[in-house]
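Comments concern the structure below.
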Amino acid sequence: MRVATLRTARGQAIRSDGALSDSREGRARMSIRILVVEDDPAIVELITYNLEGEGFEVIVAETGEEAQLLVNEESFDVILLDWMLPGVSGIELCRRLRQRQETTAVPIIMLTARGEEGDRVRGLATGADDYIVKPFSVAELIARVKAMLRRASPERVSDVITVGDVSLDRLAHRVRRAQREVRLGPTEYRLLEFMMERAGRVLSREQILDGVWGRQAELDERTVDVHIGRLRKALIRGKEAEVIRTVRGAGYVIEPA
């Protein structure tokens, strides 16, 4: 399998097979993953440094081919895509992403020096959600990224997530069920946060492993069952109803009781 070599603004080398990663333990929320597809090193450093400063996890691909490989294997919350790339152009990659079911709804912000109205119209018509002309203001770029996240995935950026009578406060790092505080260990907290962000969706054990422990973790899928059991025990007191349901042969889903 081909492995793409990536970089962060800190100069870390990251491979798409997970050989090296930045775990960022202790963040207030599950990492929001942004794919930056750009071949200009100066722009890459500028964007990644500032986005990482906002708490986002940034992955960089320097070509359209590398980006295609990554989106085939991983999921991202926002894609920043340069129009003029070596090989597969940004506009062609955007078209391909919109044809894939897995990426048809992922917000794409096109970055380009092409500022003519016709170019903007073409980019938006191909499937880009927004269009920023170089040189651009970093503050404006960050504001647009956050605006995209609020529209596309409000549960990923909200400080408080609620599913039924269960609420998770990311700032206070606190979970409550109705009027009762729920005490969780760090792993159960991340597990609950991951599932609440995807409430109503059946999540396989593999998806949960990847989302909570990371793709590089070499853990048995039964690990998920153990921590789901602990989480259920913490969430239920007395006659309280179950909020995590087992879907036989598929995985788990969290939904209002």
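Quick note: the coordinates plus some simple rules give every number you see, no bench work behind them. All values reported here derive from a predicted model rather than from experimental measurement. For neighbour counting, all protein chains shown are included, and Cβ atoms are generated from backbone atoms with ideal geometry for every residue, glycine included.
Computed from Cα positions, the angle between helix 90-99 and the longest principal axis of the chain comes to roughly 40 degrees.
In a DSSP loop and with at most 16 other Cβ atoms within 10 Å, the chymotrypsin sites (Phe, Trp or Tyr not before Pro) in region 128-233 are Phe136.
May I ask you to list the trypsin sites (Lys or Arg not before Pro) in region 82-190 that are in a DSSP loop and have at most 14 other Cβ atoms within 10 Å of their Cβ?
On the way: sites: Arg95, Arg96, Arg98, Arg100, Arg114, Arg120, Arg122, Arg144, Lys146, Arg150, Arg151, Arg156, Arg170, Arg174, Arg176, Arg177, Arg180, Arg183, Arg190; in loops: Arg100, Arg114, Arg170, Arg183.
Listed in order of number, the matching sites are Arg100, Arg183.
Between Val133, Val175, Val37, the Gaussian network model of the chain with springs among Cα atoms under 10 angstrom shows the greatest mean-square fluctuation at Val133. Ranked by how many other Cβ atoms sit within 10 Å of their own Cβ, fewest first, the residues Lys134, Lys239 fall in the order Lys239, Lys134. Residues Glu45, Glu116 in ascending order of nearby Cβ atoms (within 10 Å, fewest first): Glu116, Glu45.
Comparing Ala139, Ala152, Ala128 in a Gaussian network model of the chain (Cα springs below 10 Å), the most mobile by mean-square fluctuation is Ala139. Taking θ as phi - 60° and the Karplus parameters 6.51, -1.76 and 1.60, the scalar couplings of region 206-211 work out to 5, 4, 5, 4, 4, x Hz in sequence order, x denoting glycine and proline. Please list log₁₀ I(q)/I(0) at q = 0.08, 0.14, 0.15, 0.16 Å⁻¹ for region 70-211, using the Debye equation with identical point scatterers on the alpha-carbon positions. Ignoring solvent entirely, the Cα scatterers give -0.31, -0.79, -0.86, -0.93.
When only alpha carbons of the chain are considered, Rg and Dmax amount to 19.6, 64 Å.
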